[in-house]
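Here's the structure, in structure tokens; my notes come after.
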Amino acid sequence: MGPGPSTVHPNVYKALSVKTVGHLDPRFIEIMDEIKKLLRIVFKTQNDFCMPISGTGSAAMETCFVNLLNPSDKILIIQNGYFSVRMEDMCNRLGANIDVLKFDWGEPADINVVEDKIKKNSYDIVAVVHAETSTGVRNDVQSISNLIDDKTILLVDAVTSLGTIEL
């Protein structure tokens with residue numbers, strides 16, 4: 001995740017001057033295993049398939065779409081801000097079968113409208129931004145997760161909310 005423009009502490013510059021650890025080095029594997037273990041604590045999951053992405057939050061989200069979305073899949077994108085619009089752009093580039101449920105920017109998704117949409121359609125993936133940075137809106141991910149079945153993937157962009165508010 002990229003935090004954006006910031007002042008770099010001298011200790012960071014010092015650390016950058018240390019010899020790198022290659023990806024085949026046993027120490028690298030130990031470091032990566034420790035990072036994954038700590039991420040599982042932050043993410044509140046036991047899922048072993050939990051890993052860091054070297055890039056921005058948008059890069060991580062696109063990584064999810066590229067790896068989870070099949071050409072025949074139908075995806076619902078709940079849209080009410082800049083980053084949910086980005087989700088649509090990413091899925092369009094992948095040639096996905098997209099259904100966008102739009103809400104006014106600055107307003108959370110109306111759960112009743114989402115429920116109606118999900119009841120009338122079958123989706124492989126439902127995508128939503130938990131806390132939309134561009135507007136400060138928090139979408140009710142728990143209620144949305146209660147609307148979908150076990151076969152549907154709920155893909156949540158929680159870049160600004162993970163570790164700060166409950167999903």
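For the reader, a short list of remarks on this structure follows.
- Selection status of C64, in contact with a helix residue (DSSP H, G or I) (Cβ under 6 Å, 6 or more places away or on another chain) and under 30 Å from M32 (Cβ atoms): no
- Annotation for region 135-144: no member residue is β-branched (V, I, T), over 21 Å from G57 (Cβ atoms) and either in the same structural domain as S72 (by TED's automatic domain parsing) or exposed (fewer than 15 other Cβ atoms within 10 Å of the Cβ) (or both).
- Scanning region 93-149 for residues that are in contact with a helix residue (DSSP H, G or I) (Cβ under 9 Å, 6 or more places away or on another chain), small (G, A, S) and not in a strand (DSSP E or B) returns A96, A109, S134, S143.
- Considering region 145-167, the residues that are at pLDDT below 95 and hydroxyl-bearing (S, T, Y) include one that is farthest from F83 (Cα to Cα), namely T164.
- Candidate set: region 146-167, residues that are of a type in the set (S, T, Y) and more than 19 Å from L69 (Cβ to Cβ); chosen: the one surrounded by the fewest Cβ atoms within 10 Å (Cβ to Cβ): T164
- If you go through region 22-65 and keep only what is of a type in the set (K, R), surrounded by fewer than 11 Cβ atoms within 10 Å (Cβ to Cβ) and farther than 27 Å from V137 by Cβ, you end up with just R27.
- Scanning region 150-160 for residues that are among the β-branched types (V, I, T) and part of a loop (DSSP other than H, G, I, E, B) yields a count of 3.
- Every residue from region 66-92 that is over 22 Å from F103 (Cα atoms) and surrounded by 14 or more Cβ atoms within 10 Å (Cβ to Cβ): L68, L69, D73
The values are calculated or read from the model by the stated rules, or taken from the named source; none is laboratory data. Bear in mind the structure is a predicted one, so any value in this text is a computation, not a measurement. Cβ: placed from backbone, ideal geometry, glycine included. Neighbour counts: every protein chain shown.
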